[in-house]
Amino acid sequence: MGWLSDSPQLLILKDCLARRLLSCHVYPELRNLPESAQGEELELADFSAFLAQEVWPTLPPSFREASFETRSALPDDLDSVPLDSTPVSFVDTLVSYGITADAEGAQTLLRKVLAEYVSDACAAPPVWSSTRARECEICEREIPLTYHHLIPRATHAKALKKKWHPASMLNAVAWLCRPCHTVVHQIATNEELARSYHSVDLLLEREDIQRWGKYASKQRFGVRRG
C-alpha cells in the first residue's frame, strides 16, 4: 500500500485523526518519525496520514469497509472493540510527541477517533436535490442549470450488479448548464461516466473538460450570434 491508498474510508480516518489532533491543540515538531515516514518536516496532513496508514491494517474489516450500507455490521458499543493490536509505531509516535502519556492514552485517543470515523463513514447520503448550486459546476456561470446524473440512469442496474457504487450514490447529481451538460455526454459513454467520472472533481481532471470550462466561462448567456 502506498503513502495513502485510494480507499475513501482511509481518507475519512485520516481527516478524523487530523481533527482530533487539532482539537487537542497539538502541533508537534514532526521530526525523527519512524523510517517509513522520514523526509522533510511533516505538516498536520502528512502526520495524520502517517498515523492512519499505521493503524489501518489492524482495524477489523467491518471498520475498514464502513459505509451507510454496512452500518449494521458494526458493533453498537464501540467501546467494546478490542484495540490490543494497535501497532507499536502508532502508540510510540503519539507518546514521543507528547500527544498522549502512554499506550492507554493512545488507545483512548484512537477510540475517540474511531467513533468520529464511524459517524462520518456511515452518515446518510445527502438529499441530492438539496445540493443545487447557483453556478454551473464546470464553467461557473450563473445561468439556468440542468442536473446531470453522475452515474447515468441507464447504468444503474449494472453499477449495482458490478458493485461499482452503492445504491445510495445512484442519484448523485451535478448541476450543469445545458452546454456543459451536453459536452460531458460527448466526451464519454454512459458506462465510462459511471465508472470513471462519477464526480465533478473527476470530470474536472480531464484536460478537455478543463479547456471547455475555460472557454464556456467567457461566453455570455442568451446572446444571439449572427
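The values are calculated or read from the model by the stated rules, or taken from the named source; none is laboratory data. Just so we're clear, the structure is a prediction, and the values are computed from it rather than from any experiment. All Cβ positions, glycine included, derive from the backbone under ideal geometry; neighbour counts span all protein chains shown.
Filtering the range 51-76 to residues that are assigned to a loop (DSSP other than H, G, I, E, B), free of Cβ contacts under 8 Å to residues at least 40 places away in the same chain and acidic (Asp, Glu) leaves only ASP76. I'd like to verify a number: residues in the range 173-195 that are modelled with pLDDT under 90 and more than 17 Å from CYS136 (Cβ to Cβ), how many? The total comes to 0. If only residues of the range 95-113 that are part of a helix (DSSP H, G or I) and of a type in the set (D, E, K, R) are counted, the one that is farthest from ARG19 (Cα to Cα) is GLU104.
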